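Heads up: the structure comes next, in structure tokens.
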Protein chains: 2
Amino acid sequence: MVQFVHPSIEDITLTGVLSALADPMRLRIVVSMTEKNDCMSCSEAAPCSSMAKSTLSHHFRILREAGIIRTVKVGVENRNFLRGEDINNRFPGLLNEILKYAN
Amino acid sequence: MVQFVHPSIEDITLTGVLSALADPMRLRIVVSMTEKNDCMSCSEAAPCSSMAKSTLSHHFRILREAGIIRTVKVGVENRNFLRGEDINNRFPGLLNEILKYAN
DNA sequence: TCAATAGTTCAATTATATTGAACTATTGAA
DNA sequence: TTCAATAGTTCAATATAATTGAACTATTGA
């Protein structure tokens, strides 16, 4: 059984958030999540990219460990939720400002 | 004679800016520049860090190629200026929002 | 002319990203 | 309850980026 590690709000760092969002694929994932009720599985992201699933899994882990998403295993799939409120508590306005210019 | 390459405003990308600012040392450099009239030389940054000067030179290059600073050779030293207005034209409000939470 | 200063460039090492293959876990159907 | 299908992780290998010391260029000022 895989257990996911999520940082607490106070452990979310600015450079951690920026690093996580500094990758085009990860930024697209976050944008997609805001467009579809803040939830996205790894296999939903796959068709939009030409990446190996191990690479996608890696990207979701980076986002998770930066505190940007929360991953919950539901049945056979992982549901990833944007931690919008947490990030907004930690860095008010930052995420929206970045997403404003993503695409 | 070393010639510096600076991207034009329209060539500044969001992920480029985020990558550049996602490094703690580079973020500190940018913060320092805003605190001291938007100008900083490589040797001014050196005492604040335990980094090799070749590494610092590399960091200034990353910032330059991301469009965040403009480097001008004056005598024996390089003066680096924050391209605050350019970045603000490209992504209004973004840089200030990030700097708000840098330290 | 020459030492000092500022910084770049190079080659080598270290760290991180990407991938295919093998693996675990869950579901749903025979 | 078995077994194939699905979803995703983990591993080992390779490719790409970061870090550094050493050698270099360019400028100044004595």
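For the reader, a short list of remarks on this structure follows.
- Extreme residue, nearest to the other protein chains (Cβ to nearest Cβ), among residues of region B:14-47 that are hydroxyl-bearing (Ser, Thr, Tyr) and in contact (Cβ under 8 Å) with a residue 40 or more places away in the chain: B:19
- Residue within region B:73-82 that is away from chain A (no Cβ under 14 Å), within 16 Å of DNA strand C (Cβ to nearest atom), β-branched (Val, Ile, Thr) and surrounded by fewer than 20 Cβ atoms within 10 Å (Cβ to Cβ) present: yes
- Pick from region B:48-64, criterion more than 10 Å from DNA strand C (Cβ to nearest atom) and within 14 Å of chain A (Cβ to nearest Cβ), ranking: farthest from residue B:99 (Cα to Cα): B:62
- Residue count for region B:83-103, restricted to those that are open to solvent by 60 Å² or more (accessible area, probe 1.4 Å) and not in a loop (DSSP other than H, G, I, E, B): 6
- Of all residues in region B:1-24, exactly one satisfies the criterion of being touching a Pro at 6+ places or on another chain (Cβ under 9 Å) and not in a helix (DSSP H, G or I), namely B:13.
- Sole residue being modelled with pLDDT of 95 or more, more than 10 Å from DNA strand D (Cβ to nearest atom) and in contact with a Lys or Arg (Cβ under 8 Å, 6 or more places away or on another chain), chosen from A:64, A:83: A:83
- Residue match in region B:53-70 (condition: of a type in the set (Ser, Thr, Tyr), part of a helix (DSSP H, G or I) and out of contact with any Cys (no Cβ under 9 Å at 6 or more places or on another chain)): yes
- The condition (being modelled with pLDDT under 95 and surrounded by 15 or more Cβ atoms within 10 Å (Cβ to Cβ)) is satisfied by just one residue among A:32, A:19, A:54: A:32.
- Selection status of residue B:95, among the hydrophobic types (A, V, I, L, M, F, W, C), within 14 Å of chain A (Cβ to nearest Cβ) and more than 16 Å from DNA strand D (Cβ to nearest atom): yes
The values are calculated or read from the model by the stated rules, or taken from the named source; none is laboratory data. None of these values were measured; they are calculated from a predicted model. No Cβ is skipped: glycine too gets one built from the backbone with ideal geometry, and neighbour counts run over all protein chains shown. Just the protein is used for accessible areas: all its heavy atoms, side chains included, with ligands, DNA and RNA removed. Shrake-Rupley method; radii C 1.70, N 1.55, O 1.52, S 1.80 Å.
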